[in-house]
Amino acid sequence: MYCSNCGKQIDDGSVTCPLCNAQQNSGAGRPQADVPVVQAEPVYIPPTAQPDEVIAEKKGKKPANPKAKGYAAIASALLAFPTLICLVVDYLGAPTWVHWIFNFLEINIEQIQPGHMDWSLYFLGIIMCLWMAIVLPVMKPKRPAVTVCVCLAVISLYMLLLAYINSSATWYVQWVLPVFLMITVSSAIMSILISYKIIKGRHIATAIGAQVALIAVGLEIVGDMNIYAAVNLRWSLIVSVVIVGAVLIYEAASYAARLNRK
């Protein structure tokens, strides 16, 4: 054996080293032979093919149903067919019951004549809303926020078209159209900001509060211009101040809570 202190060779079983008088431990001091470590080669295990349902479940998404898109295409065709028929019938001439509806809605009857499409555009709007509400969600678009913005833009253009053909319907042009455009445009902007994560987390509630405050001011402006022909903001400013105050308190409380957690 070898001394654990000086490394000199001494007799096996020695308690102390005769050279340096160092205390020896039993079994200590023996040089260990270098034993080569053999590393096992990694065994290649080919990945097993997983169905789309399993992959979608791991990602937390619902598996896509290929049959749903087929049914959506069939539903789109079934909705488009009667719409085309109504457009053609309207272009050839409107029936009598349509005249009665237009009189009730205060729409100019002189516009209802062969060669023009008027009442069928309302049917087109109903079908379009049904398609967006029922068929489009089944198709599961990859970018829902962008799809919502496109739908809002299409609806806004449709509302402008109705304003063009209903120039005599003052209730629609002066009240419905500006309010609807104000809500759709602000909602589209909000959807884009949230989808691209420009606004995220707790700031989403703050942004929605600011949107409500702006819409309240816009509603009173529309009402004042149609009733008094002048802007006289009153209740909307009170509502806006209350909303802004609540938003500031919410942001301050969230910021304080975040600092306390740190």
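The values are calculated or read from the model by the stated rules, or taken from the named source; none is laboratory data. Only a predicted model underlies this, so the values are computations on that prediction, with no experimental measurement involved. Every residue, glycine as well, gets a Cβ built from its backbone with ideal geometry; the counts of neighbours run over all protein chains shown.
Here are a few things to note about the model shown:
- Residues of segment 152-203 that turn out to be under 18 Å from LEU105 (Cα atoms) and aliphatic (A, V, I, L, M), as a count: 10
- Entry remark, segment 151-162: residues being surrounded by 15 or more Cβ atoms within 10 Å (Cβ to Cβ) and more than 17 Å from SER120 (Cβ to Cβ) number 4 in total.
One line per residue, one yes/no per condition, for (1) within 21 Å of VAL244 (Cα to Cα); (2) outside the structural domain of TYR255 (by TED's automatic domain parsing); (3) not small (Gly, Ala, Ser):
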| site | (1), (2), (3) |
| --- | --- |
| LYS140 | no, yes, yes |
| ARG143 | no, yes, yes |
| ALA163 | no, yes, no |
| ALA169 | no, yes, no |
| ILE189 | yes, yes, yes |
| ILE194 | yes, yes, yes |
| HIS203 | yes, no, yes |
| ILE208 | yes, no, yes |
| ILE221 | yes, no, yes |
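- Residue in segment 67-81 that is in contact with a Leu (Cβ under 6 Å, 6 or more places away or on another chain) and at pLDDT 90 or above present: no
- Pairs are defined by a Cβ separation below 8 Å, a sequence spacing of at least 6 or placement on different chains, a first member in segment 244-262 that is closer than 13 Å to HIS203 by Cβ and assigned by TED's automatic domain parsing to the domain that holds ILE204, and a second member that is modelled with pLDDT of 90 or more and hydroxyl-bearing (Ser, Thr, Tyr); the pairs so defined are VAL247/THR206; TYR250/THR206; GLU251/THR206.
- Taking the criterion of being touching a residue at least 12 places away in the same chain (Cβ under 8 Å) and not small (Gly, Ala, Ser), the residues of segment 204-224 that qualify are THR206, ILE208, GLN211, VAL212, LEU214, ILE215, VAL217, LEU219, GLU220, ILE221, VAL222.
- Within segment 197-231, the residues that satisfy the criterion of being more than 26 Å from ALA145 (Cβ to Cβ) and surrounded by 15 or more Cβ atoms within 10 Å (Cβ to Cβ) are GLU220, ILE221, VAL222, GLY223, ASP224.
- Between VAL138, VAL173, VAL146, VAL179, the distinction of being of a type in the set (Val, Ile, Thr) and without any contact (Cβ under 8 Å) to a residue 40 or more places away in the chain belongs to VAL173 only.
- Any chance TYR91 is exposed (fewer than 14 other Cβ atoms within 10 Å of the Cβ), modelled with pLDDT of 70 or more, not in a loop (DSSP other than H, G, I, E, B) and not hydrophobic (A, V, I, L, M, F, W, C): no
- Output for segment 215-260, where each listed residue is in a helix (DSSP H, G or I), within 24 Å of VAL173 (Cα to Cα) and among the hydroxyl-bearing types (Ser, Thr, Tyr): SER236
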